[in-house]
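Working notes, beginning with the structure itself.
The values are calculated or read from the model by the stated rules, or taken from the named source; none is laboratory data. Everything quoted here is computed from the prediction, not taken from an experiment. Positions of Cβ are generated from backbone atoms using ideal geometry, with glycine treated the same way; all protein chains shown enter the neighbour counts.
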Amino acid sequence: MAIAVKLDDLLHDRRMTLTELADRVGITLANLSILKTGKAKAVRFSTLEAICATLRCQPGDLLEYVESPEGASHAEDDD
């Protein structure tokens, strides 16, 4: 995976559960769990904004680019 989701770390730092975050943000626990486990294919900016506002963080605190082991990105495969 090229993008790592660091939601667990942020929740731990804020002493907040995933259920509490889902309630505050207004999205389902199932959808938030998909994001947390890195299985999401996309995230809406409105969802990202709501998570960042609730956790008082920046998008870069939540998402991290991790280079693939072979050093090539998926975008290069499209060329």
Scanning the range 10-19 residue by residue, the ones that are in a helix (DSSP H, G or I) and surrounded by 14 or more Cβ atoms within 10 Å (Cβ to Cβ) total 4
Contact list, first residue from the range 12-33 and under 11 Å from Ile51 (Cβ atoms), second anywhere and surrounded by 14 or more Cβ atoms within 10 Å (Cβ to Cβ) and not hydrophobic (A, V, I, L, M, F, W, C), beta-carbon distance below 6 Å, six or more apart or interchain, is Arg24/Thr54; Val25/Thr54
Ala75 passes all but one of the listed conditions (1) at pLDDT 95 or above; (2) assigned to a helix (DSSP H, G or I); the exception is number (1)
Residues of the range 23-70 being assigned to a loop (DSSP other than H, G, I, E, B), over 10 Å from the mean Cα position of the chain (by Cα) and among the hydrophobic types (A, V, I, L, M, F, W, C), in sequence order, are Ile27, Cys57, Val66
Those residues of the range 1-25 which are small (Gly, Ala, Ser) and at pLDDT below 95 amount to Ala2, Ala4
Checked the range 41-62 for anything within 13 Å of Lys6 (Cα to Cα) and in contact (Cβ under 8 Å) with a residue 24 or more places away in the chain; matches are Ile51, Leu55, Cys57, Asp61, Leu62
